[in-house]
Structures are given as C-alpha cells and as structure tokens.
Amino acid sequence: MAAKITDAIIVGAGPAGLSAAIYMARYDRSCVIFDAGHGRSTHHQMNHNYLGFPGGVPAVKLRELGRAQLAEYPQIDWEHHKVVDCKRDGDEFVAEGQFGTVRARVVIICTGVLDHYPHFHGWEQYVGHSMFWCITCDGYSSKGKNILVIGHTNAAAGEAVQLSRFSNKLTLLTNSHVNEIDGKYQARLEKFGIEVIHDKIERAIGADGQFEAVLSEEGRHIPLDALFCTQGATPEVQLAVDLGVKLYENGYIDTDIEQRTNIPGVYAAGDVTRIHSHQITTAVHEGATAASAANYYLYPPELKAD
C-alpha cells in the first residue's frame, strides 16, 4: 500500500489537536488527525471555563463541534487508529500503524495524559460526573458539597485545604498503603478541620455517575457528593521519546513559546506539554500556536521574513 502524503501529522483529537487542525486547514495545509478515541475530552466532564458557552459545554460536545467545524475542509483526513511508530526519514516524518503509512514534513503531538483515578468496580461512570481531577474546573460547582479528596501526598493535602474555599465538609482519604503527608501539611489539614483517613477504597455506592458514599477496605462508610482525585497523571510521551524529543524533568514535553520541541518540524500542544495549566483554554491556544509555527516552518525560504 502506498504511503499517504500530507503536510502535517496531528496525533490526538482533543482540544489541542482539533485546534491545531483547524488552524492548519485555515492555512490551507493538509493534515491527518489520529484519533484513538480516548483521553480527558472523552469523559463526561462539563466545562464552565471556556469562553462563549453560557451554562458550560460538555467536553465531548466540544469535540463534536470541533469535528463538525473541520468537516468543512476537504484537506483534513482522519485515522481512528493509534500511531504505533513514528520516525524521521530525511526531511519527512513517517507514521505507521494499522492504518498503513503516512508521511509528512511536520508532526504535532497532542497526546495528553493518562489520569490515575482510583480503580474500583464501575469507577469509569463517575469520571466527570462526580469524580474530578481539577479544582479550577470543578471547585466552584462543588460549593457546599460533601467533598472527598483522594491522595497520600502533600499535594493532596494542599488541594484539600484549597477546596475549603468552596466547602467546609471535607475529608481526605489516602487511598494508599503509605501516607506521605508531612507534619506541616497535617497541621494545615487539622487547622481547617479536614479529617484524614489512612485507608483504601473498596467499593463505591452510587448510581448514574453520582456518588453517595465509598466503603473502605477497613469498613469505613464515607458519604460524599464529589470526589477530587490528586493521584496524579502520566504524560503520554512515548511517541515524542521515539522521535528524540526532549522532556522536562517531570516527564512532560519541553516546548518553547511557539510550541516547538528540540526536533525541527516536531511540535507539541495541550496537557502533554506541562504539569500545570491543564485547561481546555490552554490546550486550544497551544494547538493554534503549534499549527501557526508549523505552517511557517513549511514555507519555502522566499516566503519567510528571516
């Protein structure tokens, strides 16, 4: 099978990848978007922080709107498969997988992160409904609610204390065999009246994605309306590593202000680029920036200002 030739390979179809594709289309560039159909924007999350959507917009709806917007452009192709291998071949990059082979001069990596949610029977139904990872996104919507924070580190304790701005009904469950919360943060939790339970989740009680309570391995019955998970996330960087892209010490992709990596022709955008600012607004901005930089990279010398 002959390789498909395109201007850009975009890996990931969350807000960053969709934004990059829209900008590439508006530059009249061809691109292939690889959408494996998973990631944060495939959960039931309602986003209230994105400008222009009174009442909020579900993340999955934003994906649908992005795809509908891209349907206007014939130079955009989709592959609903994972990129198994991507490597440089001269001035081009070659992506391979079940779809065959795609060749392009630029790659935009928008692969996101893998969240470490607590795993118990049926946990997936709660994600985005009453189990969250982001105080910026969902703290306000949890005002006055019975909140359970999951985590065994100082970062978890810090988030629990920050959530006290929204509710005075807070509990922290380590959900781990170890408790790494030091004395300083233990004192902060005590100051705000936040109980610390050193135990693990056995199972949840709830329906249609809404928690009523969780039962711990030691038999504790912990009522809750909202769960905030601070167990962290792992950036999906294997493709970047294969291409020789430099990572930060924290494992995220190192980019400059134009979303360029250390590899000419390779860009990255969205949650995979940094540990903070994991927001749809940030992802859309970075996707647009990456595509604009990639478009300029594709210009012949006579069209460049430098």
Those strands (runs of 3 or more DSSP E) completely within the range 163-212 that have 1 or more residues that are among the aliphatic types (A, V, I, L, M) and over 18 Å from residue 135 (Cβ atoms) are 195-197, 201-207
Restricting attention to the range 288-303, which residues are crowded, with 18+ Cβ neighbours inside 10 Å and not aliphatic (A, V, I, L, M)?
-> 289, 292, 295
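Restricting the range 86-98 to residues that are under 12 Å from residue 11 (Cβ atoms) and out of contact with any helix residue (DSSP H, G or I) (no Cβ under 6 Å at 6 or more places or on another chain), which is surrounded by the most Cβ atoms within 10 Å (Cβ to Cβ)?
Let us first name the residues in the range 86-98 that are under 12 Å from residue 11 (Cβ atoms), namely 86, 93, 95, 97.
Next cut, out of contact with any helix residue (DSSP H, G or I) (no Cβ under 6 Å at 6 or more places or on another chain) only: 93, 95, 97.
Details: 93: 21, 95: 25, 97: 16.
This residue is 95.
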Residues of the range 257-279 that turn out to be modelled with pLDDT under 95 and not hydroxyl-bearing (Ser, Thr, Tyr), as a count = 5
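Restricting to strands (runs of 3 or more DSSP E) lying wholly in the range 225-306: which have 1 or more residues that are over 28 Å from residue 57 (Cα atoms) and not assigned by TED's automatic domain parsing to the domain that holds residue 169?
Numbers: elements: 226-229, 233-235, 266-268.
In the range 225-306, 266-268 are the strands (runs of 3 or more DSSP E) which contain 1 or more residues that are over 28 Å from residue 57 (Cα atoms) and not assigned by TED's automatic domain parsing to the domain that holds residue 169.
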Over the range 130-151, the set of residues in contact with a Ser or Thr (Cβ under 8 Å, 6 or more places away or on another chain) and either of a type in the set (Val, Ile, Thr) or without any contact (Cβ under 8 Å) to a residue 60 or more places away in the chain (or both) is 143, 144, 147, 149, 150
Answer yes if at least one residue in the range 232-244 is under 30 Å from residue 174 (Cα atoms) and either of a type in the set (Val, Ile, Thr) or over 17 Å from the mean Cα position of the chain (by Cα) (or both), and no otherwise.
-> yes
Could you grab me the full set of residues in the range 104-127 that are surrounded by fewer than 17 Cβ atoms within 10 Å (Cβ to Cβ) and either within 15 Å of residue 4 (Cα to Cα) or without any contact (Cβ under 8 Å) to a residue 40 or more places away in the chain (or both)?
-> 119, 124
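Confirm whether residue 299 is over 30 Å from residue 50 (Cα atoms) and of a type in the set (Ser, Thr, Tyr).
For residue 299, the condition - over 30 Å from residue 50 (Cα atoms) and of a type in the set (Ser, Thr, Tyr) - is met.
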Report, by residue number, each residue of the range 33-50 that is under 16 Å from residue 22 (Cβ atoms) and assigned to a loop (DSSP other than H, G, I, E, B).
-> 35, 50
Would you mention how many residues in the range 141-158 are touching an Asp or Glu at 6+ places or on another chain (Cβ under 7 Å), surrounded by fewer than 19 Cβ atoms within 10 Å (Cβ to Cβ) and either of a type in the set (A, V, I, L, M, F, W, C) or closer than 17 Å to residue 116 by Cβ (or both)?
-> 1
Counting only residues that are of a type in the set (Gly, Ala, Ser) and over 26 Å from residue 44 (Cα atoms), which one in the range 177-210 is surrounded by the fewest Cβ atoms within 10 Å (Cβ to Cβ)?
-> 183
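Residue check: is residue 63 touching a Leu at 6+ places or on another chain (Cβ under 8 Å), surrounded by fewer than 18 Cβ atoms within 10 Å (Cβ to Cβ) and more than 15 Å from residue 294 (Cα to Cα)? Even if it seems obvious, please write down each step before you answer.
On the way: touching a Leu at 6+ places or on another chain (Cβ under 8 Å): yes; surrounded by fewer than 18 Cβ atoms within 10 Å (Cβ to Cβ): no; more than 15 Å from residue 294 (Cα to Cα): yes.
Criteria not met by residue 63.
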Taking the range 250-306 as the region of interest, how many residues are of a type in the set (Phe, Trp, Tyr) and at positive phi?
-> 0
Quickly run through the range 34-49 and pick out the residues that are over 21 Å from residue 80 (Cα atoms), crowded, with 16+ Cβ neighbours inside 10 Å and in contact with a helix residue (DSSP H, G or I) (Cβ under 7 Å, 6 or more places away or on another chain).
-> 45, 47
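Would you confirm whether or not the range 205-226 contains a residue that is of a type in the set (Ser, Thr, Tyr), out of contact with any Gly (no Cβ under 7 Å at 6 or more places or on another chain) and farther than 29 Å from residue 117 by Cβ? Quick ask: steps written out before the conclusion?
So in the range 205-226, the residues of a type in the set (Ser, Thr, Tyr) come out as 216.
Imposing the further condition that a residue be out of contact with any Gly (no Cβ under 7 Å at 6 or more places or on another chain) reduces the set to 216.
Those left that are additionally farther than 29 Å from residue 117 by Cβ: none.
No, the range 205-226 has no match at all.
The values are calculated or read from the model by the stated rules, or taken from the named source; none is laboratory data. As the structure is a computational prediction, the values presented were derived from the model and not from experiment. Heads up, the Cβs are rebuilt from the backbone with ideal geometry, glycines too, and the neighbour counts pull from every protein chain shown.
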